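Reviewing the structure listed below.
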Amino acid sequence: MTNLIALPNEILHNIFRHVDPVDLAHLSTSCRFLNDNIASDGQLYRAVYCQILDEPSKDHLGDIDYEAQLKDLVRYRYILSSSASVEEKIIHLPFIGTFTTTLLQTASPTPQSSNITLLKAHISTSRPSTTNLEAFLSQSQTYNRASLSPTKTHAHTHASLTPLPLRQASAKLHVLYGKPLLLPRRTHFQTPYPYAVSMVYDLRNYTEETLWGPYMGDGLATVDWEKLEAVMLVLGHNVESFRNSIGEQMLPRGLVWKEGWRGASPYSYTSVDIAGVDSDDEEEEEEEESGVGRGGRGKEEEGVKKKEDVEDPYNITGTWMRVVCFLDFHDLFAYNFTSPTMPPGTPRPALQTTEAIRLITMELRVTHSEPPGPDDGQSHPIVYFEGVSRSLHSAWDANANSNIRGNVRITKEGEVRWQSISVYNGEERWRSEGIQIGGIQSARGVLGHWFDKDHDVHGPAGPTAFYKVSDQIKKRAPALEDDEDESNVWHLELEQELDEEDEEEVQAFIGQLAQSIGLPLTHGLGHGNLHGHLHHHLHGHGNGHAHGPGHADEGSGANAGSGSGEG
């Protein structure tokens with residue numbers, strides 16, 4: 001029988017690379033020879049790491065201390081697998097948050113990601129025990145206020161007793177998990193939705209210091225994860241109600257994440273083909289070569305970069321899906337300005353309400369880029385875009401669609417920040433601020449706020465999210481030579497089409513529109529009943545006089561129902 005220590009180092013390396021890190025530590029203490037062998041094998045820790053977790057991309061190769069990472073992995077698994085109570089586990093929240101973020105940042109974008117598999121095995125709603133969910137994903141202000149434990153909150157002020165860093169770490173984990181915990185254990189929590197609503201629609205959170213976005217009040221766009229968690233909960237609640245009313249099959253793909261942690265990693269986005277649509281890059285190139293560009297503008301001026309040559313590390317160009325929610329403006333105003341004055345730092349009372357919801361498609365193209373500014377992260381440029389935002393439920397109404405422009409940049413803390421402005425008939429109306437969850441080119445997309453373009457302290461404002469569907473953009477009829485506004489030309493042409501074309505062509509158009517954002521038309525929904533079906537649920541999913549994103553759609557924010565929302 002061959003003695004283990006008599007084997008060549010190459011054979012030992014090949015054996016030890018398959019050993020669990022816990023057993024590897026035991027091996028190194030068994031004798032001096034194995035201790036020296038393992039310590040001197042410079043590639044062993046990396047090999048063991050890559051057997052258990054995803055092999056890091058080239059961007060992270062120089063940043064990883066594999067021996068330290070394996071030690072952290074052992075600790076991570078031990079904490080998550082232990083039978084300790086929620087209270088005992090909470091003290092490990094900062095470490096769990098940091099290591100989870102590292103796992104997501106280095107996760108493979110493939111469905112077979114070992115990092116994602118590890119996360120789902122330990123922190124998931126599919127696990128019999130909810131201890132990890134409560135200890136690590138339910139410690140934010142929203143869940144502290146919804147807690148039934150009398151030790152969690154001050155009885156009168158409902159101010160959280162959990163320190164801010166722990167609350168932020170927990171909210172970040174919840175947002176990265178991506179499946180809002182709308183129904184936590186009833187013996188421990190009330191429904192968190194009304195408390196999330198009170199944060200999202202508290203207009204005191206929309207200030208110059210917070211840049212009117214989901215940020216801390218430092219003026220630097222430092223992410224406030226509790227605000228993003230509240231946005232996720234509010235949108236999740238409304239999407240769930242919407243799904244229950246129209247059915248699972250009518251829900252656009254990607255609007256609901258069925259797997260936790262999936263899509264919250266850099267470069268996890270993958271494009272899908274939009275049915276019956278091809279990329280119009282080739283058509284644009286032909287038009288440029290012939291000197292006839294969009295709107296008859298002719299060739300680009302010399303010295304100006306072509307749009308397809310613009311550096312776009314964020315992969316902006318393509319078709320995006322957006323969801324926007326908003327309160328009736330009278331309810332929003334009453335909630336903020338007719339109730340008793342709240343002391344600074346004290347959240348407003350929980351608000352159980354009904355909101356309106358809008359679904360929007362955005363067709364975006366990059367225009368130009370520039371170096372980052374002194375207040376930005378320096379790893380990537382600022383990239384500007386423009387496009388058109390079209391309301392799904394009333395896309396044939398010219399007042400429901402808008403032009404969009406905006407930019408994407410990296411914040412100083414390394415998050416991907418999106419800003420946008422929606423423009424109606426040449427006039428700015430709505431703005432939005434958001435953060436791309438999971439990092440650059442993540443599949444999860446952007447969560448954030450929409451608000452009035454003049455930053456009116458009286459609102460309106462609300463939550464929004466959008467995510468990329470495809471690198472393709474649906475081809476439209478060419479603009480008229482004397483019309484500079486492409487979206488208005490499209491509106492006029494469409495209105496004429498609806499007046500003059502027969503029902504069969506109208507049905508074909510509506511079918512293409514629905515398919516472009518993933519609505520399967522398998523139930524014979526033509527123009528009449530698709531319009532009625534979506535109009536009833538989209539336009540009527542809220543208070544009767546909702547002032548919000550329905551007829552004022554922002555390419556990056558929201559549609560405005562009665563003119564007071566972002567579209």
Notebook entry, point to check: Per residue Cα convex hull volume for segment 22-61, in cubic angstrom?
Noted result: 63
Item checked: Environment charge of Thr411, counting only residues whose C-beta is closer than 10 Å and scoring Lys/Arg +1, Asp/Glu -1 -> -1
Check: What do you get for Rg/Rh over segment 171-250 if you use C-alpha atoms and the Kirkwood form of Rh?
Finding: 1.04
Notebook entry, point to check: Within the P(r) computed for segment 22-143, what percentage of the Cα pairs occupies the region above 24 Å?
Noted result: 37
Checklist line | Mean Cβ count within 10 Å, highest first, over the residues of peptides 123-133, 435-445, 65-75 | finding: 435-445, 65-75, 123-133
Notebook entry, point to check: What ranking, highest mean first, results for peptides 239-246, 45-52, 467-474, 415-422 when packing means the other Cβ atoms within 10 Å averaged over each residue?
Noted result: 415-422, 467-474, 45-52, 239-246
Item checked: Cα-Cα pairs of segment 98-143 separated by more than 15 Å (percent) -> 51
Margin query: Just to verify a number: FRET efficiency for Val457 and Ser379, C-beta to C-beta distance, R0 = 45 Å, to 0.05?
Written below: 0.85
Next item on the list: Take each of the peptides 348-361, 202-215, average the number of other beta-carbon atoms within 10 Å over its residues, and list them starting from the highest.
Entry: 348-361, 202-215
Notebook entry, point to check: So how much slack lies between Arg204 and Arg75, counting 0.36 nm per residue of separation and subtracting their Cα-Cα distance, in nm?
Noted result: 42.4 nm
Notebook entry, point to check: How many nm separate the modelled label positions at Thr341 and Ser40, each set 7 Å beyond the Cα in the direction of the Cβ?
Noted result: 7.6
Check: FRET efficiency for Asp65 and Val22, Cβ-Cβ distance as r, R0 = 25 Å, nearest 0.05?
Finding: 0.85
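Laboratory data are not the source of any read-out in this text; all were calculated from the coordinates shown. All values reported here derive from a predicted model rather than from experimental measurement. Neighbour counts are summed over all protein chains in view; Cβ atoms, including those assigned to glycine, are modelled from backbone coordinates with ideal geometry.
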